[in-house]
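Worksheet for the structure shown next.
The values are calculated or read from the model by the stated rules, or taken from the named source; none is laboratory data. In this text, all values refer to a predicted model and were calculated from it rather than measured experimentally. Don't worry about glycine lacking a Cβ; one is built from the backbone with ideal geometry, like all the others, and counts go over all protein chains shown. With ligands, DNA and RNA removed, areas are computed over all heavy atoms of the protein, side chains included. Shrake-Rupley method; radii C 1.70, N 1.55, O 1.52, S 1.80 Å.
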Amino acid sequence: MANAITLLIGWVLDLIFGDPVRLPHPIVWFGKVISTFEHSLNKGSYRKLKGALTAIGLILFVFVVVWMLRKLLGIFALLIFDGTHEQVYQIPVLLYLFDILAIFYCLAGTTLIREVRAVFLALDRSLEEGRQQVARIVGRDTSELSAQEVRIAALETLAENLSDGVIAPLFWFAILGTPGMLAYKMVNTLDSMIGYKTERYRDFGCWAAHIDDIANYIPARLTALLMILANGHLGLLRFVWKNGRNHASPNSGYPEAALAGILNCRFGGPHYYFGQLFDKPYIGINDRPLTTDDMKKAVRVNRTAEILMVLLVAASIVIRSI
């Protein structure tokens, strides 16, 4: 029951505040550590081996450190006596606070929605502002994107990062607790930094990319299902099954296909990453102009899917504790 309560508190904190910009963030620390290893080891021979050891080592390190830290914090408990002093309750307050903060830091639903809204608001002012705003949340080159391509990029990211930033962390929390949740964030950060098929990262980052594919296999498909349930149109399952494979990633296509089906639009197509052209398959066929109303609908679907996942995880925790 305590784990379910810490989950709900951590999620509500993210719901209210989003990412704490002025506070130290563990994902920023992850990024600095990855960058240090990459600059030191991504050269010379055996790049694939060095990349594999880096990825596996950092993921295991995070899991073990968090697991040990929780064990240590669990020692410090607040003792509460009942009225007769015959029953003593031990409440590991520091452990609960740590778990709440870990969940708060690991979830990115509110910040993601704010960023996507900001893209559409920026586009209302000018195309250049829209390009600059969307560059904050996508990896592709944005300098030559049209207004329609900016909107597509923002909505694709909204769908993909619902999986990476909300559903997958909650999934691994349900399986392995906060150690698993934070280890997953290391997996995801490794992939976002070095998991590219460019000349620089092809060898060093291939293990990071494959591990991320494995870690997100179930969460990505679960995300698509939750989005469809949130929209209330189960007939889209066939559309998602058909179009979810139309993506370079074995996972990202499924939540993107779910949102494309819900909005009756088309995602994908060719884009530049780090100066290289990547010709992504199209997801959907209706190449219609996207609007602010589409963004608002996508946000409602994302938020509803997020709530469904939180309730699902909380219920699973309660059931296991009975």
- prompt: What accessible surface, in Å², does a 1.4 Å probe find on Ser45, ignoring ligands, DNA and RNA and rounding to the nearest 10?
  reply: 80 Å²
Accessible-area order (highest first, 1.4 angstrom probe) of the listed residues Met181, Met193: Met193, Met181
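In the chain, carbon and sulfur make up what percent of the accessible area (probe 1.4 Å)? Could you put the intermediate results ahead of the total?
Details: 10460 of 16320 Å².
On the chain, the fraction of accessible area on carbon and sulfur atoms equals 64 percent.
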- prompt: GNM on the chain, C-alpha springs below 10 Å: top fluctuator among Phe173, Phe104, Phe76?
  reply: Phe76
message: Rounded, prolate or oblate for segment 136-248? Axes are the square roots of the Cα gyration tensor eigenvalues, ordered a ≥ b ≥ c, and the cut-off for rounded is a/c under 1.5.
response: oblate
query: Taking a ≥ b ≥ c as the square roots of the eigenvalues of the Cα gyration tensor of segment 8-81, is the shape rounded (a/c under 1.5), prolate (a/b larger than b/c) or oblate?
result: oblate
message: For the chain, what does the helix formula give at 222 nm: sum of -39500 (n - 2.57) over DSSP H segments with n ≥ 4, over the residue count, nearest 500 deg cm²/dmol?
response: -23000 deg cm²/dmol
message: From the protein chains alone at 1.4 Å, what is the descending order of accessible area for Glu160, Glu128, largest first?
response: Glu128, Glu160
message: Please compute the modelled spin-label separation between Arg136 and Thr36, points set 7 Å along Cα→Cβ, answer in nm with one decimal.
response: 2.8 nm
message: Tell me whether segment 189-322 comes out rounded, prolate or oblate; compute the Cα gyration tensor, take square roots of the eigenvalues as a ≥ b ≥ c, and use a/c under 1.5 as the rounded threshold.
response: oblate
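Could you give the DSSP H helices of the chain that reach 30 angstrom or more along their long axis (alpha carbon positions) and whose average Kyte-Doolittle hydropathy is no lower than -1.0?
Details: long enough: 47-75 (42 Å, 1.53); 206-231 (35 Å, 0.85); 292-321 (44 Å, 0.62).
Those that pass (Cα extent of 30 Å or more, hydropathy at least -1.0) are 47-75, 206-231, 292-321.
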message: Please compute the per residue accessible area over the chain with all protein chains in place, 1.4 Å probe, rounded to a whole number of Å².
response: 51 Å²
- prompt: Counting only residues 5 or more places away or on other chains, whose amide H sits under 5 Å from the amide H of Tyr282 once H atoms are built in the peptide plane?
  reply: Gly269
message: Please report the accessible area of Asp203 (heavy atoms, 1.4 Å probe, ligands and nucleic acids excluded) in Å², nearest 10.
response: 70 Å²
statement: Sorted list, accessible surface of protein heavy atoms, 1.4 Å probe, largest first, for Leu121, Leu41, Leu155 is Leu121, Leu41, Leu155
query: Hey, in the GNM for the chain with a 10 angstrom Cα cutoff, which one of Glu38, Glu306, Glu199 fluctuates hardest?
result: Glu199
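Hey, which of these cross-link pairs are over 23 Å Cα-Cα: Lys197/Lys297; Lys71/Lys185; Lys50/Lys280? If you can, show how the numbers build up before the last one.
Numbers: Lys197/Lys297 33 Å; Lys71/Lys185 20 Å; Lys50/Lys280 29 Å.
Cα-Cα > 23 Å for Lys197/Lys297; Lys50/Lys280; rest within.
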